[in-house]
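Here is the structure we will look at, set down as structure tokens.
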Amino acid sequence: MNSSRYREAAEAGRTPDRRNQVKRKRILVVEDDRLSLIVLRQLLTAQGYEILQSPEGWDGISRARNEEPDLILMDIQLPDISGLDATLLLKQDDQTKDIPIIAVTAFVTPEDKAKALKSGCDAYVAKPVNISNLLRTVESLLPCSPPQ
């Protein structure tokens with residue numbers, strides 16, 4: 001049996017319920033810049049992640065509480081509330097405090113990084129984003145290996 005027939009036979013043996021048990025990791029991207037959001041969404045979707053998105057901090061907080069993502073990418077400069085304040089609120093909430101948060105920001109001074117980490121961010125990635133650095137950081141903070 002060639003490899004493609006083997007794969008087809010293996011897939012046919014799986015019930016739909018079994019196939020659906022493989023859960024994709026969900027990442028909430030809180031980003032108000034449309035182009036940055038598109039780039040992050042495409043990059044992470046190509047890696048097999050399911051992407052949730054929000055253009056504002058308060059909405060991002062609400063989505064994090066309602067949809068319980070596996071990880072959050074948080075822009076720092078948002079139109080309604082700073083990403084630092086949003087992170088503080090998420091980390092103080094029992095429902096969301098364990099969700100890893102990565103600050104993704106154009107603020108790149110050592111003081112900015114220190115503020116992000118002090119607010120509760122688990123990691124910091126500077127813009128413009130280095131793709132391999134971002135992916136390594138995402139993978140390091142997710143509970144298990146990246147999706148297939």
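Worth pointing out:
- The range 102-116 residues that are free of Cβ contacts under 8 Å to residues at least 12 places away in the same chain and under 15 Å from Thr137 (Cα atoms), paired with ones that are hydrophobic (A, V, I, L, M, F, W, C) and part of a helix (DSSP H, G or I) (beta carbon under 6 Å, 6 or more apart): none
- If you go through the range 29-68 and keep only what is closer than 18 Å to Pro100 by Cα, touching an Asp or Glu at 6+ places or on another chain (Cβ under 7 Å) and among the hydrophobic types (A, V, I, L, M, F, W, C), you end up with Val30, Leu40, Leu52, Trp58.
- Qualifying residue in the range 33-42 (condition: under 22 Å from Glu139 (Cα atoms) and either within 11 Å of the chain's Cα centre (by Cα) or outside any helix (DSSP H, G or I) (or both)): yes
- Residues in the range 89-115 that are hydrophobic (A, V, I, L, M, F, W, C), closer than 27 Å to Leu35 by Cβ and part of a helix (DSSP H, G or I): Leu89, Leu90.
- Annotation note: of Gly83, Gly13, the sole residue that is small (Gly, Ala, Ser) and at pLDDT 95 or above is Gly83.
- Residue in the range 58-73 that is surrounded by fewer than 15 Cβ atoms within 10 Å (Cβ to Cβ), acidic (Asp, Glu), out of contact with any Gly (no Cβ under 7 Å at 6 or more places or on another chain) and under 25 Å from Lys23 (Cβ atoms) present: yes
- In the set (1) touching an Asp or Glu at 6+ places or on another chain (Cβ under 8 Å); (2) in contact (Cβ under 8 Å) with a residue 40 or more places away in the chain, the condition left unmet by Ile81 is number (2).
The values are calculated or read from the model by the stated rules, or taken from the named source; none is laboratory data. Predicted model, so just to flag it, every value in this text is computed and none were measured. Heads up, the Cβs are rebuilt from the backbone with ideal geometry, glycines too, and the neighbour counts pull from every protein chain shown.
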